[in-house]
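See structure below.
The values are calculated or read from the model by the stated rules, or taken from the named source; none is laboratory data. Predicted, not measured: the structure shown is a model, and the values here were computed from it. As a convention, Cβ positions derive from the backbone with ideal geometry for all residues, glycine included, and neighbour counts pool all protein chains shown.
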Amino acid sequence: MTTTTKELQERIEFLTLYKQETKQSDDWLKLRIEEAKHPAFILTTEELTYGARVAWRNSNKCIGRLFWNSLTVFDQRQLLNEDEIYEALVNHIEFATNNGKIRPAITLFDPNRVRIWNHQLIRYAGYETEEGIIGDSTSVEFTKICEGLGWQGARTNYDVLPLVVQVDNREPIYYDLPKEIVLEVPITHPDYDFSKLNMQWYAVPIISSMRFNIAGEDYQAAPFNGWYMGTEIGARNLADTYRYNFLPKIAEAMGLDTSLNATLWKDRALVELNVAVLHSYKNAGVSIVDHHTAAQQFQLFSQQEKTNGRDVTGNWVWLIPPLSPATIDIYHEPIANTIKKPNYFYQLQPY
């Protein structure tokens, strides 16, 4: 097994970046480049930690990059036992949740031998029935896979899916998450009575289906989290017609005229659903950010990047919020969607 020219180039690029930004010596860089020529080269925990943070800084679809340097990194590359990997994932959930004071974190496993089958560590199941879908429609396929492994849910709108862990080519194993570690928030409104809708959502979005690319290597199992921006829940998860589709029921609870689009009932219901999400999370003491504040934070991030001599990149379509996008500055500013590494990328699901 030899190191390819491309692999070596990406190793050198990352080590050079690390040297520049962490003030390492020239001798350090020369030594690490020599070591990088060997096929068995591995990054140190310190290098991996900084690289994971820079990957967040380089994530063009993320509006919350101001806090990139606060990411906590758990280096778990040594774990190759499914039970121990599950325990590390539980630790990540507990650390990140932090009784609602959410902490950004990432857990890194062996880049080649560990896979997590879930899209997020916490996610609701979806079931196809004759009356329509119960739960989250985006989870239907994965829910069937979990059931094929032996898992059974209660078939409610909010069944938390199990974690599915695979090492090498061994059979995947599913693990139920203890209820006490999954913090969930009932959605209520300060002025309207939404109680009959029984809406809720979980506190922490921990993406586990993306690969972390650094120094020419893909970490296929690298679950990471920040905290929610309110519109992710209030304008997408609970509002999209192909997800939970609560807008018609909210309009009814508000007494809105839904007979014509021109009454803008959808817009009014959407705003109040987002008010309810922000109100509920704050009442529950769970970290969340509204889209206006997030946009201001992104502007500050952009200023900091320019001060440090770095070009600001972004995916405009993802950076503008799905609610009142024209009210924030990002909507009116072009931004280069240039891809930098280290970074997080989509990957084919193992199933």
Mind checking whether some residue in the stretch 114-127 is more than 21 Å from E87 (Cβ to Cβ), without any contact (Cβ under 8 Å) to a residue 40 or more places away in the chain and surrounded by fewer than 16 Cβ atoms within 10 Å (Cβ to Cβ)? no
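Within the stretch 43-65, restricting attention to residues that are assigned to a loop (DSSP other than H, G, I, E, B) and touching a residue at least 12 places away in the same chain (Cβ under 8 Å), which residue is surrounded by the fewest Cβ atoms within 10 Å (Cβ to Cβ)?
K61
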Please indicate, with yes or no, whether at least one residue in the stretch 129-140 is in a strand (DSSP E or B), surrounded by 22 or more Cβ atoms within 10 Å (Cβ to Cβ) and aliphatic (A, V, I, L, M). no
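Which is crowded, with 21+ Cβ neighbours inside 10 Å, touching a helix residue (DSSP H, G or I) at 6+ places or on another chain (Cβ under 9 Å) and in contact (Cβ under 8 Å) with a residue 12 or more places away in the chain, of L177, L161? First the steps, then the outcome.
Numbers: L177 fails: crowded, with 21+ Cβ neighbours inside 10 Å.
Result of the check over L177, L161: L161.
Just name the residue that is surrounded by the fewest Cβ atoms within 10 Å (Cβ to Cβ) out of those in the stretch 1-16 that are assigned to a helix (DSSP H, G or I) and free of Cβ contacts under 8 Å to residues at least 60 places away in the same chain.
T5
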Could you please find all residues in the stretch 66-92 being outside any helix (DSSP H, G or I), touching a Ser or Thr at 6+ places or on another chain (Cβ under 8 Å) and of a type outside the set (A, V, I, L, M, F, W, C)? D75, Q76
Just checking, does the stretch 17-26 include any residue being touching a residue at least 24 places away in the same chain (Cβ under 8 Å), among the acidic types (D, E), assigned to a helix (DSSP H, G or I) and surrounded by 15 or more Cβ atoms within 10 Å (Cβ to Cβ)? no
Under the condition of being in contact (Cβ under 8 Å) with a residue 40 or more places away in the chain and loosely packed, with under 15 Cβ neighbours inside 10 Å, which residue from the stretch 316-337 is nearest to I233 (Cα to Cα)? W318
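For the stretch 77-84, state whether one or more residues are touching a Leu at 6+ places or on another chain (Cβ under 9 Å) and acidic (D, E). Lay out the reasoning, then the answer.
Residues of the stretch 77-84 touching a Leu at 6+ places or on another chain (Cβ under 9 Å): 77.
In the following step, the residues that additionally are acidic (D, E) were identified as none.
No - not one qualifying residue is present in the stretch 77-84.
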May I ask you to list pairs of residues, at least six apart or on different chains, whose Cβ atoms are under 9 Å apart, with the first in the stretch 83-100 being at pLDDT 95 or above and buried (at least 18 other Cβ atoms within 10 Å of the Cβ) and the second being assigned to a helix (DSSP H, G or I) and of a type in the set (V, I, T)? I93/I181; T97/I181
Screening V185, V164 for residues that are part of a strand (DSSP E or B) and in contact with a Cys (Cβ under 8 Å, 6 or more places away or on another chain) leaves only V164
Among the helices (runs of 4 or more DSSP H) lying completely within the stretch 247-351, list those that include at least 1 residues that are in contact with a helix residue (DSSP H, G or I) (Cβ under 8 Å, 6 or more places away or on another chain) and under 30 Å from Y219 (Cα atoms). 291-307, 316-319
Would you please name the residue that is nearest to T97 (Cα to Cα), looking only at residues in the stretch 220-246 that are surrounded by fewer than 24 Cβ atoms within 10 Å (Cβ to Cβ) and hydroxyl-bearing (S, T, Y)? Y244
Hits in the stretch 194-213 - residues which are of a type in the set (S, T, Y) and assigned to a strand (DSSP E or B): Y202
If you check L264 against the conditions, is it buried (at least 16 other Cβ atoms within 10 Å of the Cβ) and hydrophobic (A, V, I, L, M, F, W, C)? no
Would you point out which residue out of A276, A269, A295 is under 19 Å from the mean Cα position of the chain (by Cα), at pLDDT 95 or above and surrounded by 17 or more Cβ atoms within 10 Å (Cβ to Cβ)? A295
Anything in the stretch 184-219 that is small (G, A, S), farther than 23 Å from H92 by Cα and crowded, with 19+ Cβ neighbours inside 10 Å? List them, or say none. A215, G216
